[in-house]
Amino acid sequence: MKSPATSLFVVFLALLLSVPAFSQENNNDYITLEGSVRDKDSRRKLEFVHVTVPGTSIGTVTNNDGEFMLKVKKTDNVNKIMFSHIGYKNTPFVVDTVNMSDINIYLTPASKNLSEVIIRGGDARLIVEEALQLVRNNYAQTSTLQTGFYRETAQKRKRYINISEAVINTYKTSYSNNNILRDRVRVLKGRKLLSPKTSDTLAVKLLGGPTLPVFLDIVKNPDLLLDPEILPYYKFDIKEIAWLNERPHFVIAFRPQVELPFALYKGLLYIDQEKMSFSRAEFSLDMEDILKATQAILHKKPFGLRFKPVEVSFLVTYQENNGFLHLNYVRNVIRFKCDWKRRLFSTTYTIVSEMVATDNMVANEGISYKDSFKKSHSLSDEVNNFEDEDFWGDYNIIEPTESLENAVEKLRKLNLKNLEKQK
């Protein structure tokens, strides 16, 4: 049987380690909303909070600093936006007709009132299987075209050496057919910043990164995690009840229960108790056997380089729109150590890639293979360097963290110095 890890990594997250324009609307046509989201009790900044316009598919998520930026057209007459997060009550915010900044949102933890929870006995695996049987009822029944924002970063220790971003279109066929062969991604526009330092001789490339929303859609791509043939390899347990969009969810933990020739996963599935649908998944590659984990993610490396994976983790979320669920946010973190033989210390590298769906509509036609982003391509090879500060225009993005903004500024200065030396 094909390894579930291979179905993702060899096709999509292969690491290659080697030695060395669309028109935008006028800014006056939309308003920009900026702010931060915190826990009401602890004042802790909340990351990956969904920020949406009720009744539409427009939205984004907060970054690691709990900050967000959302652009909405004035002609849409938006009067409020909604904030939702796992374990918290939904919180609306009234929108004015002008740009608004320094918005402070405080989310209230949801109370776990078990009298309102549907208690369902039985095997946790049976709950997962029931949710799989209802995919055709709960998820998009027509082909859709999503607009999304994608970002990937590579860090050497704590220093950024690669920042690549893009606005993408994702064509997804109906969920009634759990087949991703016709699902494709097209890059509309993008940009990059690479470190010019000679010490960064180990170039880290993520192949097929923008295709994240195709291959990480665990509901539509069951080969990754939820294939009925794979389920017996896992042990499932109901851990607790969690609240998302003010609805109770089963939190089902899973972990490998058999020894196989390839690496499996472990993590949590969040299943809506009423709809019996997957709303969220948090999982990571099992690192018990380092050799198996390495075989799952490493495509190629220079001779003499030693590679050790430390973390390969994922977050996948879905949002409801017009009664049906759609893929909303995906995030992948790959952390590994590299060192050359005869060297005393190893270097830690971290690759983070994420995509948020910022709009969604019924698709009249698909994306041709010719125009699609290929799984063998690297985004940093396909886009140009950072230049225009207003590059994104009216597209919604994931607001960069403070550390990322600082990194962009440093890399810009390094690249300018490098260009001056070459003159």
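The values are calculated or read from the model by the stated rules, or taken from the named source; none is laboratory data. No experiment lies behind these values; they were computed from the predicted model shown. Please note: Cβ atoms are built from the backbone with ideal geometry, for glycine as well, and neighbour counts cover all protein chains shown. These area figures cover heavy atoms from the full protein model, side chains too; ligands, DNA and RNA do not enter into them. Shrake-Rupley method; radii C 1.70, N 1.55, O 1.52, S 1.80 Å.
In terms of the Cα gyration tensor, with a ≥ b ≥ c the square roots of its eigenvalues, is the chain rounded because a/c is under 1.5, prolate because a/b exceeds b/c, or oblate? Oblate is the answer for the chain, as a/c is 1.5 or above yet b/c matches or exceeds a/b. Selection among I397, S36, S380 by position relative to the dipole of the chain gives S380 as farthest towards the positive end (Cβ unit charges, Cα centre). Packing-based ranking of 163-171, 389-397, 269-277, 375-383 yields 163-171, 269-277, 375-383, 389-397, ordered from highest to lowest mean Cβ neighbour count within 10 Å. For region 318-365, the list of GluC sites (Glu not before Pro) that fall in a loop by DSSP and count at most 14 other C-beta atoms within 10 angstrom reads E365.
Ordered by solvent-accessible area of protein heavy atoms (1.4 Å probe), largest first, the residues K266, K300 come out as K300, K266. Applied to region 233-241, the Karplus parametrisation 6.51 cos²θ - 1.76 cosθ + 1.60 on θ = phi - 60° returns per-residue 3J(HN,Hα) values of 6, 10, 9, 10, 9, 7, 8, 6, 10 Hz, with x for Gly and Pro. Distant-in-sequence amide contacts of S57, defined by a placed amide H-H separation under 5 Å and a gap of 5 or more residues or a different chain, comprise N360.
Summing Cβ point charges (Lys, Arg +1; Asp, Glu -1) relative to the Cα centre of the chain gives a dipole of roughly 1860 debye.
For H377, nonlocal amide neighbours, meaning residues 5 or more places apart or on other chains whose placed amide H falls under 5 Å from its own, are G208.
Counting Lys +1, Arg +1, Asp -1, Glu -1, what net charge surrounds K45 among other residues with beta carbon under 10 Å of its beta carbon? Please list the in-between numbers first.
On the way: positive: R38, R43, R44; negative: D39, E47, D65, E67.
After counting each charged neighbour, the total is -1.
May I ask you to give the solvent-accessible area per residue for region 123-260, in square angstrom, as obtained with a 1.4 angstrom probe?
On the way: 5220 Å² over 138 residues.
Ligands and nucleic acids excluded, the figure is 38 Å² per residue.
Of all aspartates and glutamates in the structure, those lying under 15 Å Cα to Cα from K80, and not within fewer than 8 positions of it along the same chain, are E34, D96. Projecting the Cα atoms of L216, P196, I230 onto the dipole axis of region 144-237, where Lys and Arg carry +1 and Asp and Glu carry -1 at the beta carbon, places P196 farthest toward the positive end. Couplings 3J(HN,Hα) of region 134-142, computed from phi: 9, 4, 5, 7, 9, 10, 3, 9, 10 Hz, in residue order, whole Hz [Karplus 6.51 cos²θ - 1.76 cosθ + 1.60, θ = phi - 60°; x for Gly and Pro]. For region 153-191, the list of trypsin sites (Lys or Arg not before Pro) that fall in a loop by DSSP and count at most 12 other C-beta atoms within 10 angstrom reads R157, K158.
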